[in-house]
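Contents: one structure, followed by commentary.
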Amino acid sequence: MTDSMKLINLKNISAALVIVIGFASCSSDDDAIAIDPPVVVDFSGTFSQEDQMGRPGINTVFSATPDIENSFNVTIPSEQGAAFQSLFETQLAGLHGAFGVSYENNILGLDITTLTTVLASDVLQVAPGVPTTYFDGTNVLTGRTLTDDVIDVSLILLFGGQNGDRFNGQDLDGDGTPDLPILVTDGVSGAGETPSSTFPYLEAPHSS
Amino acid sequence: MNKIRKTNLFIIGGLLSIGVVLMAADHIDAPAVVGTTADITDLYAFEGADPDNTVFVANVQGLLAPGSSATFDENVLVEINIDNDGDLVEDLVIQAIPRGGIMYFFGPYEPSQTGLNSVIDEDTQYLGQVAISSGSSATTSEANGISYFAGLREDPFFFDSSQFNAIVGGMAPGGFNNPGNDDFDGTNVLSIVIEVPNSLLGGTFSHPAGTGVEVFNTWAEAKRKQ
């Protein structure tokens, strides 16, 4: 074997190594594809609205018939005011009339038309960078936390009048019977709710 | 006096009794969606543990008994809408839809169309996905500073809805009880939770209630594939 032959053989070995490595690479790629094939997930199509919600309870408290409720859910917020404000005002007036009284401007000073105008557009205001509360006596509608008592807030705004305690079972005429029923609190607090302070915040599900 | 009250209560019942179940957040809200996989029960939006973030929670399919095998519907898109200028039209959307046990997320991004019908832009900038959780442990993921969760959770909503129904049905002249009974105690719900840096959520406008606070509007929609 001459020196030049050795050199040629070394070159061949190098070439052979390159080819082997190349095959190995290809083989590796094939394995990768076999183990983890590209996932084709189909997100095509048109999705059409069936339900809509901003604030809690708006549709259910104000819509007087199933037809109105269904219609409200498929009306976009920018068209809800024109379509539903007057219906909601009639409903709220009727709720008061059933107890022989008229709506009284609420703790925010809102008259019945203004209140139902605000509520008919079913969106939730959120103030980024500001502590969140549905209503804490001072701050109004900067979002909704997991423990905000949105039912009591809603009841107070709807029935509480200027002091927030109008429908609270008072017996003003002293006849031993409440003049008006308790409608400003449902008697349920969020004390039993203990969300986490970290993501995803909601509690683990109840197990069977 | 009592007779008058009773009559009045019947009037209130008449006003509201026609199949209306009142004020259960959006739980049980309208006949067309009640009990369906497109029934949104609640929307929450609040400041995150990191005050530079906002958390959105959209819950569907409420009043699930422990052990329920309810799952997200692959034909139902849950969409968080964000209005940055107060015209009540969405400027940004965040979309969530399940495929094969994974919840896929798109956005926030500016949709190509607004209103009742939506499409999904698969090529939008912010994409995420997370395995759907069914047990007590919560599987979460994060991408681009956005955190994702989807799965079964305890329903945080609380309300004496049966007493409310009794009131409007003319069966409870005294109104609510003290204490009341939380009809949602012990129930679960399917929950989608997204925590988003405020820097990705667009602009704000002055609160419509005149408080002077800067806000955006948000609402949730459930949309079924046609």
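Can you grab the distance from the C-alpha centre of the range B:53-96 to the C-alpha centre of the range A:110-189, Å, no decimals?
25
Compute the relative contact order of the range A:50-208 as a whole-number percentage, counting only Cα pairs closer than 8 Å that sit 6 or more residues apart in sequence.
18
Place a point 7 Å from the Cα of B:ASP123 along the Cα-to-Cβ direction; which residues of the range B:79-108 have their backbone N under 19 Å from it?
B:93, B:95, B:105-108
Quote the charge dipole size of the range A:46-168 about the Cα centre in Debye, to the nearest 20; the model charges only the Cβ of Lys and Arg (+1) and of Asp and Glu (-1).
Here the range A:46-168 has a charge dipole of around 160 debye.
At a Förster distance of 35 Å, what's the computed FRET efficiency of A:VAL130 paired with B:SER141, Cβ-Cβ distance as r, to 0.05? Could you put the intermediate results ahead of the total?
Values: r = 28 Å, r/R0 = 0.79.
Computed FRET efficiency for A:VAL130 and B:SER141: 0.80.
Give me the dipole magnitude in Debye, nearest 20, for the range B:85-226 about the Cα centre, with unit charges on the beta carbon: positive for Lys and Arg, negative for Asp and Glu. Each step should come with its number before you reach the end.
Working: 5 positive and 18 negative charges, 87 e Å.
Magnitude of the dipole: close to 420 debye.
Along each principal axis of its Cα atoms, how long is the range B:62-137 end to end? Whole angstroms, biggest number first, please.
43, 27, 22
Evaluate the relative contact order of chain B (contact order divided by residue number), counting alpha-carbon pairs under 8 angstrom at least 6 apart; express in whole percent.
Result for chain B is 26 percent.
What residue among B:PHE149, B:PHE205, B:PHE157 shows peak mean-square fluctuation when chain B is described by a Gaussian network model with Cα springs under 10 Å?
B:PHE205
Where does the range B:113-223 land on Rg(C-alpha)/(2.2 N^0.38 Å)?
1.51
With springs only between Cα atoms under 10 Å, which of B:ALA138, B:ALA209, B:ALA96 fluctuates most in a Gaussian network model of chain B?
The residue that fluctuates most here is B:ALA209.
Using Cα pairs under 8 angstrom and six or more residues apart, how large is the relative contact order of the range B:130-202, in percent? Don't jump to the answer; show the numbers that get you there.
Details: 103 pairs, mean separation 25.8, N = 73.
Relative contact order of the range B:130-202: 35 percent.
In terms of the Cα gyration tensor, with a ≥ b ≥ c the square roots of its eigenvalues, is the range B:181-220 rounded because a/c is under 1.5, prolate because a/b exceeds b/c, or oblate? Present the calculation step by step, with values, prior to reporting the outcome.
Working: a/c = 4.10, a/b = 1.73, b/c = 2.38.
Taking the square roots of the gyration eigenvalues as a ≥ b ≥ c, the range B:181-220 is oblate.
Expected output is a single nm value to one decimal: the length gained when fully extending between B:PHE205 and B:MET171, i.e. 0.36 nm times separation in residues minus the C-alpha distance. What is it?
This chain segment gains 7.8 nm when fully extended.
Would you calculate the volume per residue, in Å³, of the smallest convex hull containing every Cα atom of the range A:75-206?
Here the figure is 161 Å³ per residue.
For every other residue with a beta carbon closer than 10 angstrom to the beta carbon of A:LEU155, add +1 if it is Lys or Arg and -1 if Asp or Glu, then tell me the sum. It would help to have the intermediate numbers written out before the result.
On the way: positive: none; negative: A:ASP149, A:ASP152, A:ASP186.
Taking every other residue near A:LEU155 into account, the sum is -3.
Against the longest alpha carbon principal axis of chain B, how many degrees, from 0 to 90 and to the nearest 10, is the axis of helix B:2-16 turned?
30
Based only on other Cβ atoms within 10 Å, what is the fewest-to-most ordering of B:MET103, B:MET171, A:MET53?
B:MET171, B:MET103, A:MET53
Diagonalise the Cα gyration tensor of chain B and give the resulting equivalent ellipsoid semi-axes, square root of 5 times each eigenvalue, largest first, whole Å.
Each semi-axis is √(5λ); the values are 35, 22, 17 Å.
Between A:THR114 and A:THR65, what is 0.36 nm times their sequence separation minus the Cα-Cα distance? Round to one decimal in nm.
Extra length from A:THR114 to A:THR65 when fully extended: 15.4 nm.
Using Cα-only point scatterers and the Debye equation, what is log10 of I(q)/I(0) for the range A:88-129 at each q in 0.22, 0.31, 0.34 Å⁻¹, rounded to two decimals?
-0.77, -1.09, -1.14
For B:ALA65, put the label point 7 Å out on the Cα→Cβ axis and report which residues of the range B:184-220 keep their amide N under 14 Å from it.
Counting backbone N atoms under 14 Å from the label point, the list is B:186-188.
Quick one: which residues, 5+ away or cross-chain, put their amide H under 5 Å from the amide H of B:LEU92? H built at 1.01 Å from N.
HN-HN under 5 Å from B:LEU92: B:ILE82, B:ASN84.
Where a number appears in this text, it was derived from the coordinates with a stated rule and is not lab data. Source: prediction; values computed, not measured. Cβ coordinates were reconstructed from backbone atoms using ideal geometry, including for glycine residues, and neighbour counts include every protein chain displayed.
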